[in-house]
Each structure stands twice: as C-alpha cells, then as structure tokens.
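Peer 1: Can you read through this structure? Questions will come right after.
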Amino acid sequence: MSVQIKDPFLAFRYPEFVYYIIANFLFTVGFMVQEVIIGYELYRLTSDPKAIGFIGLSYALPFMALSLVGGHLADKLSKKKILLLSISGIAICTMTLFFISKMLTDEAAAHSLKYIIYGVIAVTGGFYAFFSPTASSLKPFLVPRHAYENAASWGSAGWQTGAIIGPGISGFIYNWVGFSNTLLVVIILFAAVFFCIMLIGDRKIELQSAGSIWQKVKEGIAFVGRTRMLLYSISLDLFAVLFGGVVAILPVFATDILKVGPGWLGVLRAAPSVGAVLTLFLLSFTSVMGKAWRNMLLAVAGFGVATIVFALSKNVWLSILALFFTGAFDAISVVVRQTILQIIVPDEMRGRVGAVNGIFLSASNELGAFESGMAASWLGTVRSVVAGGALSLAIVAIVWLKSRDLFDKDLRE
C-alpha cells in the first residue's frame, strides 16, 4: 500500500543537493549528446551495427577494470577533488574527439579512425570509473536519512531529465552545427558541471580499519554478496538491461526499420526517459518501498514486455510508446535499488559498494550495447530484441521464485 510523503520537494531544502542535481543533469545531457552523435556518425559512415557495439565495449572495459579502485579512493580521499579531476579528464577526451572529428570526411576515414575513437572512449571510461562511484557515494551526505527515498527519486529524475534533453536535442544540434561543433557544446556543458561541483563542500570519511586497497575492495564486494536484496536488485538490472536494452541499436531501427531521420532518432532515444521522468515525478509524492521487492520484480517484468512490443512495432508512434513504458518501468526499479543502496550501506563503504553497483550498471548498459550490436548483426535486429525481452522475463521468473521471502519487507522510512 502506498503512503503519502508530506513534502515531495524535501531533498531540495538542502542547497548542496540542488548543486548536485544540476551537475548530474548537465553531465547527463552532455554525455548523452556525445553518445548519440558518435553512434549515429559511425553508423552513418560505416553502415555497420558492430561499430555501435564496439563503442559500448570500449567504454565498459576500462570502467569495469578501474571502478573498484575508484570506489576505494572515493571512501578514502577527497570526494570533491576526485570529481573535479575526473570531469576535467572526461572533458579533455571530448576535446580530443573534436579534433579527430575534423578528419571524419568519408567512409574510408571512418574505418581508419574508428579504432582511435574507440581508444579515446576507453580513456573516457577510465575517468568515469572514478567519477561515478564518487558521485554516488557523495549523494547520501547531502541530505539527512529521512530524505533518502525522496533524494533517490529526484536524483534519478535529474539523470532521466538529462537523458530526455540530451538525445532529444542531439539530432537537432547535429543537423544545425554538424558533428564537430556538437562536441564543442558537450565541452561547454562539462565545464558547467565543473563549476557546480566547486559549489559543493568537500566530504571525506576515515576508514575504520586498516588494510590494503585489495582488502578494502574485497570488503565492498563481500558486503554486496551477503546482502540478498542488494545483490538481487543489482543482478536484476544487469541481466534485464544486458539482454533487453535497445538504446544502443536505435540508429539501426531509425534508419533501416522505421525509416526515419536523425531528428526522430533523438525522439526515440528520449522516449524512455520521458516515461521515467513522469514516473519519478509521481513517485516523489508516494512511496513504492512498502512492498519494495514485489514492486521491483513487477517493474522489470513490465520492462521486458514493453521491449518485445517495441521490437515488433513497425509504426514510429507505437515504438515511441513502447520505449516510453520501458523508461516508466525502469524508473520504479531504479528508485527501489537506489533507496536500498542508501539505507543499507554504511557510510565508510559507500564508495566501494557504489563501485560494485557501477560495474553491474556498466555491464548492463555498455556491455549491453556491445551485446545488442553483435546480436543484431548475427540474428537480425528485430529477432535479437525479441529474444532479449524474452530472456528478461525468464530472469524475472527465476528471481521471483528464489526471493519470495523478501516480498513483505517494508523499507519505508
């Protein structure tokens, strides 16, 4: 049963959380614009869905390799300095892509330069391995405990709003100023993120026990492994998005199946986030944590069904609607997972547990992009997405049977 939250804007009463939300929003807009236009440009020049898949792989591998180290440092060192250094490195990578883009004149140039582009994206993933766990570990320090669920809803809404605007404007900016100048817009957004982080006070937690970096990393992994609800929630997201995600191959749907242009690609890419933001806004007024685990499983099942509908659609409006519902269902699972992370994890372990969560998310999103590109190339685009949605539903059924004892657990504050 839902309960009303007296103050739906509770988290915004804390100024540093506002700066955090703005930074999160601007970073997401910039990152999404960059992701969409690089994927579109490479596919436009090469007509190869594997080129899109390798973008995700290039980003994910260094992120996963370095994220646990980033989480340990987030628990040990100045969170603010790590964030500032990381966003600076990411901006430098985007500037490098800007100079490379000047040489992307035709298909031959794209084939010869794509491996350099993958390399720069890999370096970006390395910097993000420090940025992501640090940012996630900082958020709980910006609001009191009773505002955690509200902060999780608005934090996710900030990300999702950026994920609407970023892809939504990417195609229009690309058509207006071209690929290279769109990357300059991204650099300006990252500079604004740097400024917002400067307005947030520093946070540093002293670790309570001594030990090497690897001992500390293992502590974070062990905590996730023995906390069933946390482990299951992260694993659900991993497998559902890994197999059921379609975002990475939207250029293929837009170009070859729905036969619409880059402007519609931006709309398709933004549709899941529109659904997510509207759902997150509703969740700021009510709670899904009374029957948290049941709600999460139902939401992931809904995500799988909507994915199958999208795969089978030949009408752009039905496709947009199906993507809208993938975002709406995903928003519910995100709020449950993020609230669990904030409630269960002790302060001195937030960076390391956030890093483990980030690795799972990267595996689902970025390796999912690689899986989507490869599966589309091998099985065909539509068949690969239908199979992914069906696998997501099968995974939900397995977890449902293994975790029924968690259904009645009430996590409302």
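Peer 1: Apply the Kirkwood formula to the stretch 122-193: the hydrodynamic radius equals the inverse of the mean of 1/r over all pairs of different alpha-carbon atoms; give it in Å with one decimal.
Peer 2: Kirkwood radius, the stretch 122-193: 14.5 Å.
Peer 1: Non-local amide H neighbours of THR286 (under 5 Å, H modeled in plane, Pro and chain starts lacking H): which ones?
Peer 2: It is ILE5, by chain and number.
Peer 1: A follow-up question, please. Residue by residue through the stretch 317-329, which ³J(HN,Hα) values in whole Hz follow from phi under the Karplus form 6.51 cos²θ - 1.76 cosθ + 1.60 (θ = phi - 60°), with glycine and proline marked x?
Peer 2: Running phi through 6.51 cos²θ - 1.76 cosθ + 1.60 with θ = phi - 60° gives 6, 5, 4, 4, 5, 5, 5, 4, 6, 4, x, 4, 5 Hz.
Peer 1: Of the listed pairs LYS79/LYS102; LYS76/LYS114; LYS80/LYS218; LYS79/LYS218, which have alpha-carbon separations greater than 28 Å here?
Peer 2: Flagged as over cut-off: LYS79/LYS102; LYS76/LYS114.
Peer 1: A further question follows. So how do 9-15, 387-393, 312-318, 336-342 stack up, highest first, on mean other-Cβ count within 10 Å?
Peer 2: 336-342, 387-393, 9-15, 312-318
Peer 1: Can you give the local net charge around ALA254? Use residues other than it whose beta-carbon is closer than 12 angstrom to its beta-carbon, Lys and Arg +1, Asp and Glu -1.
Peer 2: Details: positive: ARG44, LYS259, ARG269; negative: ASP256.
Counting the neighbours of ALA254, the net charge comes to +2.
Peer 1: In nm, to one decimal, how far is the LEU231 label point from the MET103 one, both placed 7 Å along Cα→Cβ?
Peer 2: Between LEU231 and MET103, the label points sit 4.8 nm apart.
Peer 1: Let me ask another. Hey, got a sec? Which trypsin sites (Lys or Arg not before Pro) in the stretch 66-165 land in a DSSP loop and have at most 11 other Cβ atoms within 10 Å?
Peer 2: On the way: sites: LYS76, LYS79, LYS80, LYS81, LYS102, LYS114, ARG145; in loops: LYS102.
In loop regions of the stretch 66-165 (DSSP not H, G, I, E or B), the sparsely surrounded trypsin sites (Lys or Arg not before Pro) are LYS102.
Every number in this text was worked out from the coordinates using simple rules, so none of it is lab data. Not measured: the values here are computed from a predicted model. All Cβ positions, even for glycine, are placed from backbone atoms using ideal geometry, and neighbour counts span all protein chains on display.
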